[in-house]
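Worksheet for the structure shown next.
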Amino acid sequence: MNKNLVLLAAVAAVAVGVAQFAYADPVSDKLVIDGKEMITRAPAPEGHPFKEVLSGWLFREPETRALEADSFANPGMLYVERGEEIWNTVDGAKGKSCASCHNDASETMKDVGAHYPKWDAETKRPINIELQIDKCRTEQMGAEAYKFDAADQKALTTYIKYQSFGTPVKLDLAKGDMQSWWDRGKKEYYTRTGQLNLACASCHEASMGRHIRADHLSQGQANGFPTYRLKQADMVSLHNRMRGCIRDTRAEMPKAFSDELMALEVYVTWRGTGLSVETPAVRQ
Amino acid sequence: MQSGIAVVVAVSVSMLAGAAWAEDIAPGDVEFADGAVSAALTGKPGDAAEGAKVFVDRKLGNCLACHEVSALKKQLFHGNVGPSLDGAGTRWEPAQLRAIVTDSKKVFGPETVMPGFYSLNVGVNVRKDLVGKTILTAQQVEDVVAYLETLKE
């Protein structure tokens, strides 16, 4: 047999192998939390590479899934409580708290987080919850912006996202230049980075459902953020997670809230359109 | 006395390393033909036992991140991003294995997820301390290829 034939046969064998593994099963369980059924599978929006978008919850080990399903056991709920405290605490030169302007978050913030990032007409760029909090702090409260991943930033973001618990993610790409940020985010999603030469899509699209070492690769959805990560025993913000994934390709990490990561946040959040906000989700 | 010996050993080791390096084919000069690299990358034959270590080491080949190997069952967590490598030494000739490990994109096409282990054709924004460096050395590639040849069906 000549070398090329051997090669062809082997490539065919690879293709068969791939087909066998291709659907290494996200579970088919339902996620019900406090009597509310979460949407963990949704038909993908037009222009999406998958037919169905899947929550990262479906890819986790049974114990991790159980922890998220039980809001008494979910350690992320402590951050929701802490966030509520901050919401009601006066800070900054103007003697105001979030509640001074927004009153009861369960009414004024209901479903708000499910539609972020959104267009910010003032800064002419997309804004996420963390940056919106900073805007309120600096402009309305006379307080300082939070440092990236400060404990209070994560708790307050978690609390605000929790007011959309169960609500399907949906972005408005028609506002301002959101569409061009989506375009940029898409380009970045498929750009290979680092010495390992991998893109987001290499792991979360081409290899979705497979194992990379011990990790069952999900679609890399943003709907559960901030997320409680068992490995870190702490809340993890979306930008922290994306930076970690980029670092793992042996690339330099972009700064949190940089244009690069904001564009990715817009695009990655869109890729989860229709999934329930699961904040605070639990992951390994 | 002891430190004197250490110095002598260190000098001779670095001379050895230097000598091996001089004979290595640089990453940009590796010649691919029909999905194979027929010339060895170094003057020293691959060592399968060393190759097994490189294969498993998470900081070097980390091949188990993406591949299963039944012979390495003792190691935890074999990934399945790529196919099982059981029988890879039967399916492929050594020159083909060398091509796959050196730069898999030359064999499987640009879309493959498998990194090129002796290639400078890498992604953007490479970590500063790794710019211009390959994941494995030429000798480590030869060693890994020797190891893969032991994976017979």
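Each reported figure results from applying straightforward, stated rules to the coordinates on display, with no laboratory input. Just so it is clear, the structure is predicted and the values come from calculations on it, not from any experiment. Using ideal geometry, Cβ is built from the backbone for each residue, glycine included, and neighbour counts are taken over all protein chains shown.
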Exercise. What residues qualify as long-range amide H neighbours of A:V236, i.e. H under 5 Å apart, gap of 5 or more or another chain, H built at 1.01 Å from N?
Worked result: A:T227, A:Y228, A:R229
Seminar exercise, completed: Between A:A199 and residues 5 or more places away or on another chain, the pairs with built amide H atoms under 5 Å apart involve A:T193
Exercise. What longest range of chain B stays clear of loop-exposed trypsin sites (Lys or Arg not before Pro) (DSSP non-H/G/I/E/B, at most 13 other C-beta within 10 angstrom)?
Worked result: B:75-151
Seminar exercise, completed: For the stretch A:58-74, in residue order, the Karplus 3J(HN,Hα) values (coefficients 6.51, -1.76, 1.60; θ = phi - 60°; whole Hz; Gly and Pro = x) are 5, 9, 8, 5, x, 5, 5, 5, 5, 5, 5, 5, 10, 5, 6, 8, 4
Exercise. So for the stretch A:42-172, taking the charge dipole from beta-carbon charges (+1 Lys/Arg, -1 Asp/Glu), which of A:T157, A:P117, A:A73 sits furthest toward the positive end?
Worked result: A:P117
Problem set entry | Exposure proxy ranking, count of Cβ atoms within 10 Å, fewest first, for A:E37, A:E278 | A:E37, A:E278
Exercise. Sorted from largest down, what three extents in whole angstroms do the Cα atoms of the stretch A:76-162 have along their principal axes?
Worked result: 33, 30, 25
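When only Cα pairs under 8 Å and 6 or more residues apart are kept, what is the percent relative contact order across chain A?
25
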Exercise. Across peptide B:111-124, what mean number of C-beta atoms from other chains lies inside 10 Å of a residue's C-beta?
Worked result: 5
For this session: Would you mind ranking A:S71, A:S164 by Cβ crowding within 10 Å, fewest neighbours first?
Result: A:S71, A:S164
Exercise. Å³ per residue of the Cα convex hull, for the protein assembly as shown?
Worked result: 185
For this session: Would you please name the GluC sites (Glu not before Pro) within the stretch A:45-125 that are DSSP coil residues with at most 13 other C-beta atoms within 10 Å of their C-beta?
Result: A:E46, A:E122
Exercise. Which whole-number percent gives the relative contact order of the stretch A:155-281, counting Cα pairs below 8 Å spaced six or more residues apart?
Worked result: 41
Exercise. In whole angstrom, how long is each semi-axis of the equivalent ellipsoid of chain B, when you take the square root of 5 times every eigenvalue of its Cα gyration tensor and sort them from largest down?
Worked result: 27, 19, 17
For this session: Report, in deg cm²/dmol and to the nearest 500, the calculated mean residue ellipticity at 222 nm for chain A, where each DSSP H run with n ≥ 4 adds -39500 (n - 2.57) and the sum is divided by the residue count.
Result: -11000 deg cm²/dmol
Problem set entry | Where only alpha carbons of the stretch A:59-205 are counted, the Rg and the Dmax (Å) | 17.8, 50
Exercise. Looking at this model, which pairs from A:K154/A:K231; A:K118/A:K186; A:K186/B:K133; A:K186/A:K255 are more than 20 angstrom apart at the alpha-carbon?
Worked result: A:K186/B:K133
Problem set entry | Of the trypsin sites (Lys or Arg not before Pro) in the stretch A:107-155, those whose Cβ has at most 16 other Cβ within 10 Å and which sit in DSSP loop | A:K110, A:K124, A:K147
For this session: Quick one: what are the phi-derived ³J(HN,Hα) couplings along the stretch A:179-194, Karplus 6.51/-1.76/1.60 with θ = phi - 60°, whole Hz, x for glycine and proline?
Result: 4, 6, 5, 4, 4, 5, x, 5, 4, 5, 4, 9, 8, 7, 10, x
Exercise. Straight-line reach from A:K187: which aspartates and glutamates have a Cα under 12 Å away, not including same-chain ones fewer than 8 places off?
Worked result: A:E260
For this session: From other protein chains only, count the Cβ atoms within 10 Å of every residue's Cβ in A:249-262, then give the mean.
Result: 3
For this session: DSSP loop (so not H, G, I, E, B), at most 13 other Cβ within 10 Å: list which trypsin sites (Lys or Arg not before Pro) in the stretch A:204-284 pass both filters.
Result: A:K231, A:K255
Seminar exercise, completed: Ranking A:S276, A:Y190, B:V69 by how far each Cα lies towards the positive end of the charge dipole of the protein assembly as shown (+1 on Lys and Arg Cβ, -1 on Asp and Glu Cβ), the top one is A:Y190
Problem set entry | Sequence-separation-based contact order of chain B, relative, with Cα cut under 8 Å and 6+ spacing, percent | 32
Exercise. Size of the dipole of the stretch A:76-162 about the Cα centre, Lys and Arg at +1 and Asp and Glu at -1 on the beta carbon, nothing else charged, in debye to 20?
Worked result: 240
For this session: For A:K36, go through the aspartates and glutamates and keep the ones whose alpha-carbon is under 12 Å away, minus same-chain ones fewer than eight residues off.
Result: A:D70, A:E278
